[in-house]
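Only the coordinates and a few stated rules stand behind these numbers; no lab work does. Keep in mind that what you see is a predicted model, and the values were worked out from it rather than measured. Ideal geometry is used to build each Cβ from the backbone, glycine not excepted, and the neighbour counts take in all protein chains shown.
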Amino acid sequence: MLGKLKELKEMQAKAEEIKKRLDSITVRGTAAEDKIQVMCTGNKQVQNVVIDESLLNESNKAQLEQSMVEAINNAFKQAENLMNSEMQSVAGGLFEK
């Protein structure tokens with residue numbers, strides 16, 4: 001039982017380490033042929049949004065909004081993939097003993 005408790009504490013420490021590392025990594029999601037870019041951390045915190053000026057007019061408001069959603073979801077998917085990869089590397093190391 002103490003061995004499992006120790007493994008759990010190690011896993012919690014590694015998870016916290018991963019969270020800190022993911023905060024320092026930036027991923028980018030794009031839409032509308034890269035005219036919309038969303039940058040977020042590996043922990044899915046949006047850091048920056050860039051919209052090409054050619055998209056800024058009243059006639060394409062709905063399209064711009066939809067493209068923003070697409071770019072954000074794209075960035076979040078990349079962050080999720082990064083997080084899963086990091087977690088797998090830690091989990092594999094804990095259970096290979």
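Summary table below
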{"item": "CD proxy at 222 nm, helix term only [per DSSP H run n ≥ 4: -39500 (n - 2.57); per residue of the chain; nearest 500]", "result": "-21000 deg cm²/dmol"}
{"item": "Under-5 Å amide H pairs with I25, H placed in peptide plane, nonlocal only", "result": "G42"}
{"item": "Phi-based couplings in Hz for the stretch 74-83 (Karplus 6.51, -1.76, 1.60; Gly and Pro marked x)", "result": "4, 5, 5, 5, 5, 5, 4, 4, 5, 4"}
{"item": "Dipole of the chain [Lys/Arg +1, Asp/Glu -1 at C-beta], most positive-end residue of L5, F76, A91", "result": "L5"}
{"item": "For the chain, size of Cβ-based charge dipole, Lys and Arg +1, Asp and Glu -1, in debye", "result": "640 debye"}
{"item": "Structure-derived semi-axes √(5λ) of the Cα gyration tensor in Å - corresponding label in (i) 25, 14, 12; (ii) 39, 10, 9; (iii) 43, 16, 10", "result": "(ii)"}
{"item": "Furthest towards positive pole of dipole, N57, L22, V46, structure part the chain, Cβ charges", "result": "L22"}
{"item": "Highest-MSF residue in the chain out of V38, V50, V27 [GNM, Cα springs under 10 Å]", "result": "V50"}
